[in-house]
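Notes follow once the structure below has been shown.
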Amino acid sequence: MLKKDLDPFTVDDISNVFTPTVTRHSGSPSDTPSDNNTLSLCQTGYDSMIGDRRNEGAPQSYIQLVGFYLGREEFAIDIQKVQEINRMVEITRVPRTPEFVEGVMNLRGKVVPVINLRKRLDFPEKEDDKRTRIVVVEIQGRILGLVVDAMSEVLRIPAGTIEPPPKIMDEMDTDFIMGVGKLEDRLLILLDLDRIVSQEKSAQLNEVV
């Protein structure tokens, strides 16, 4: 992989880079919900994320996500797990590591393992280009880089619009999918980062650094 300029963004900067998307509902007090109504996927878990539809009179809860692309599929992860977003940098290969581990990168003096999400989700391989990004996340107390094809935007969507993943989804393992978000003009696949780095895979990553 070619070394390119490092252009990190912190979580606080992400909203300035992408255009926020808010799903509007009639009767809502505001198009932009307050931070108190924003849920963290890692705190609420799957059951809370999809919402309690038995209490439809309760105030609408929202989740805030960072979206990205793998091919034509749009994915999203909990914004609270995202540390920063970098352009592609030089990655050092490490012998005898899992196929989905691209290697390690130097992040301001810290050695960080880098996972290729295409390989982890069994997508066809693709050459890096100017839109390729490394999303630096914290999973199970470990800092990792995730290689994605391109970024999309920051989204804040109602938790009640999240549906369980269908039993059959092409090109990916549904074990990694937390749910599917229904937007006005498209679907958004929510990834479960904790399952992407399972206990077995986490042990293998321990051998990388």
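Quick notes
- Cβ crowding within 10 Å ranks LYS130, LYS81 as LYS130, LYS81, fewest other Cβ atoms first.
- Neighbour counts of C-beta atoms inside 10 Å place ARG156, ARG131, ARG186 in the sequence ARG186, ARG131, ARG156, starting with the fewest.
- Potential lengthening of the chain between ARG72 and GLU90 amounts to 3.9 nm, from the contour at 0.36 nm per residue minus the alpha-carbon distance.
- Taking amide H as placed 1.01 Å from N in the peptide plane, the amide H of ALA150 sits under 5 Å from that of TYR69, ARG133, each at least 5 places away or on another chain.
- Neighbour-count ranking [beta-carbon atoms within 10 angstrom, fewest first] of ASP128, ASP175: ASP175, ASP128
Bear in mind these aren't lab numbers, they're just calculated from the coordinates by the rules spelled out. Predicted model only: the values in this text are computed from it and were never measured. Heads up, the Cβs are rebuilt from the backbone with ideal geometry, glycines too, and the neighbour counts pull from every protein chain shown.
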